[in-house]
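Working notes, structure below.
The values are calculated or read from the model by the stated rules, or taken from the named source; none is laboratory data. Since the model is a prediction, treat every value here as computed from it, not as a measurement. Cβ placement follows ideal geometry from the backbone for every residue including glycine, while neighbour counts extend to all protein chains displayed.
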Amino acid sequence: MTQPRGTLVSATDTPYYHCVSRCVQRAFLCGYDQHTETDYEHRRQWLESKLHHVATVFSIKLCAYAVMSNHYHVVVHLRPDDAAHWSNREVVQRWHTLFRGTYLSQCYKTEIRYYPRKLRCFIVTSKHGVSAYQACHGS
């Protein structure tokens with residue numbers, strides 16, 4: 001039976017994790033692919049930059065990493081003490097630095113509140129004024 005991630009990962013017992021991601025179907029992550037005669041070496045720097053950026057967005061410390069031609073390894077240290085003081089809004093804003101999010105998270109990020117009885121968004125407080133409303137509604 002499946003279990004929630006909160007019961008599988010314990011930052012206090014095991015704060016260090018070794019993660020691996022691998023390409024499929026003989027695809028190259030970086031390096032020179034002799035089969036297709038294509039050089040993917042430019043991806044190495046992109047991946048390293050992305051790993052460092054992700055570490056600043058989430059409460060993790062990047063301890064070590066190794067980028068190979070078709071996979072990479074990452075050793076991270078979970079830092080729940082850093083995230084403990086984050087507000088809900090800061091969590092959403094950090095998430096949106098990497099991902100687009102959903103309609104509701106976009107509304108929350110731009111300080112627009114969802115009002116379920118009328119099923120529409122309206123501005124409560126916003127630094128962006130009408131532009132935040134337009135961004136949320138596309139009008």
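Test ALA27 against the criterion of being assigned to a loop (DSSP other than H, G, I, E, B) and small (Gly, Ala, Ser), and give yes or no. Break it down stepwise before answering.
On the way: assigned to a loop (DSSP other than H, G, I, E, B): yes; small (Gly, Ala, Ser): yes.
Criteria met by ALA27.
Cβ-Cβ distance below 8 Å, separation of 6 or more or different chains: which pairs start in region 90-119 with a residue that is more than 19 Å from PHE58 (Cβ to Cβ) and not assigned by TED's automatic domain parsing to the domain that holds LYS50 and end on one that is modelled with pLDDT of 65 or more and loosely packed, with under 11 Cβ neighbours inside 10 Å?
Every condition considered, the pairs that remain are GLN106/ARG100.
Taking ARG44 as the residue in question, decide whether it is of a type outside the set (Asp, Glu), farther than 19 Å from TYR16 by Cβ and assigned to a helix (DSSP H, G or I).
Numbers: of a type outside the set (Asp, Glu): yes; farther than 19 Å from TYR16 by Cβ: yes; assigned to a helix (DSSP H, G or I): yes.
So ARG44 passes the test.
What are the residues in region 20-64 that are of a type in the set (Ser, Thr, Tyr) and farther than 30 Å from SER87 by Cβ, if any? Before the answer, list the steps.
As a first pass, look at region 20-64 and keep what is of a type in the set (Ser, Thr, Tyr): 21, 32, 36, 38, 40, 49, 56, 59.
Hits for region 20-64 are SER21, TYR32, THR36, THR38, TYR40.
Condition first: exposed (fewer than 15 other Cβ atoms within 10 Å of the Cβ), free of Cβ contacts under 8 Å to residues at least 40 places away in the same chain and assigned to a strand (DSSP E or B). Now tell me which residues in region 58-89 satisfy that.
Within region 58-89, LYS61, ALA64, ALA66 qualify.
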